Amino acid sequence: MGQNAEAYRLGDLNKETEFVLKNIGVEPPKMITTLDAGSEVVLVDHNVKSQAIDGLDTLKVKCIIDHHLVESLSTSEPIQLRFDPVCSTCSILFLMFAEQDLEIPDHVAKMILAGILSDSLAFRSSTTTEEDREIAEYLAEDLGISDIQAFAKAMFDAKSDLGDMATRKILELDYKVFSIGEKKFGYGVMETTSPAYAMGRKNEIISDMRAPKEETGLNAIFFSVVDILAEKNLTFVAGDVEKEALKASFGADTIDMVADLGGRLSRKKELEPALRAYFEKN
């Protein structure tokens, strides 16, 4: 907002993001792992150290823009915070443009629209708010996109086209670690229009889930295959700890290392909070 800034990414792009950027004609942001001490940064779509750039403590965090649960926020000086209970941080970015009466370039508007559709699973997710929907529909109309669901379907199909990607890479495409005191669990999600692909590689995926569990000292690790079109969640587990957690949290039985979590599509709203509560007590 009136300051020069450069966008960076902290990891590889998934197929959906690659598709969107190519479709719009935008070069991917530069990927970095560190910045010089004292660099001024804005955290976007995250607010916890485990999901941030290495060496965050040496940087000057000026602002955080996010829609996730605030876990353990600590700064050395007052900063600007923007947290809204919406489905997508992209909705917050749109509102910030509007509040400053700034025109949104078409390529930026299309990226914001794509982000809202991705986070909301084209309004299927329980995290979708009326504000998210209204912003997306406004942007689609302004951009001349007459069929918003067809636009989203093309994105989801691109996300689902994983070819012979290594299973460890699949696990890491949308993976987060959550801390509860001294305990922590990992949770990967694969949102797809082709769930048969993941089921066909189930044994490979489960085998590879055990490596990060041991390497990083996780108490548990989960991997959800979310069928976007059928609105169904099948979750892979690595062992008995995960089975017990899913049974206690959702009443779900695990058969052949897979638990049917029904229509629970949102890690943020429907999965993480229940598992966090479980591990706080067990």
Residue count, the stretch 162-183 (criterion: more than 21 Å from Ala274 (Cβ to Cβ) and either touching a Ser or Thr at 6+ places or on another chain (Cβ under 7 Å) or of a type in the set (Lys, Arg) (or both)): 2
Hits in the stretch 67-88 (condition: without any contact (Cβ under 8 Å) to a residue 24 or more places away in the chain and touching a Phe, Trp or Tyr at 6+ places or on another chain (Cβ under 8 Å)): Val70
Leading residue by the ranking (nearest to the chain's Cα centre (by Cα)) among those in the stretch 114-153 that are assigned to a helix (DSSP H, G or I) and of a type in the set (Asp, Glu): Asp119
The stretch 225-244 - residue that is assigned to a helix (DSSP H, G or I) and acidic (Asp, Glu) and, of those, nearest to Leu265 (Cα to Cα): Glu242
Scan of the stretch 1-29 for residues that are closer than 22 Å to Asn47 by Cβ and either of a type in the set (Phe, Trp, Tyr) or surrounded by 13 or more Cβ atoms within 10 Å (Cβ to Cβ) (or both), ordered by number: Tyr8, Leu10, Leu13, Asn14, Thr17, Pro29
Lone unmet requirement of (1) more than 27 Å from Gly186 (Cβ to Cβ); (2) surrounded by 14 or more Cβ atoms within 10 Å (Cβ to Cβ) for Gly144: (2)
Those residues of the stretch 1-53 which are touching a residue at least 24 places away in the same chain (Cβ under 8 Å), over 25 Å from Ala152 (Cβ atoms) and among the β-branched types (Val, Ile, Thr), in sequence order: Ile32, Val42, Val48, Ile53
Residue check, Leu69 in a helix (DSSP H, G or I) and either surrounded by 17 or more Cβ atoms within 10 Å (Cβ to Cβ) or aliphatic (A, V, I, L, M) (or both): no
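For (1) over 30 Å from Lys49 (Cα atoms); (2) modelled with pLDDT of 95 or more; (3) assigned to a helix (DSSP H, G or I), each residue gets a yes or a no:
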| position | (1), (2), (3) |
| --- | --- |
| Met190 | no, yes, no |
| Ala196 | yes, yes, yes |
| Arg210 | no, no, yes |
| Gly217 | no, no, no |
| Phe223 | no, yes, no |
| Leu246 | no, yes, yes |
| Leu265 | no, yes, no |
| Glu270 | no, yes, yes |
Single residue of Ile53, Ile79, Ile92 found to be of a type outside the set (Lys, Arg) and more than 18 Å from the chain's Cα centre (by Cα): Ile79
Test set (1) in contact with a helix residue (DSSP H, G or I) (Cβ under 7 Å, 6 or more places away or on another chain); (2) acidic (Asp, Glu); (3) free of Cβ contacts under 8 Å to residues at least 12 places away in the same chain - Glu204 fails condition number: (3)
Number of the exception - Phe94 against (1) exposed (fewer than 13 other Cβ atoms within 10 Å of the Cβ); (2) in contact with a helix residue (DSSP H, G or I) (Cβ under 6 Å, 6 or more places away or on another chain): (1)
Any chance Val86 is in a loop (DSSP other than H, G, I, E, B) and either within 22 Å of the chain's Cα centre (by Cα) or closer than 21 Å to Glu6 by Cα (or both): yes
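The values are calculated or read from the model by the stated rules, or taken from the named source; none is laboratory data. Note that this is a predicted model, so its numbers are computed, not measured. Cβ sites come from the backbone with ideal geometry, for glycine too, and all protein chains shown count toward neighbours.
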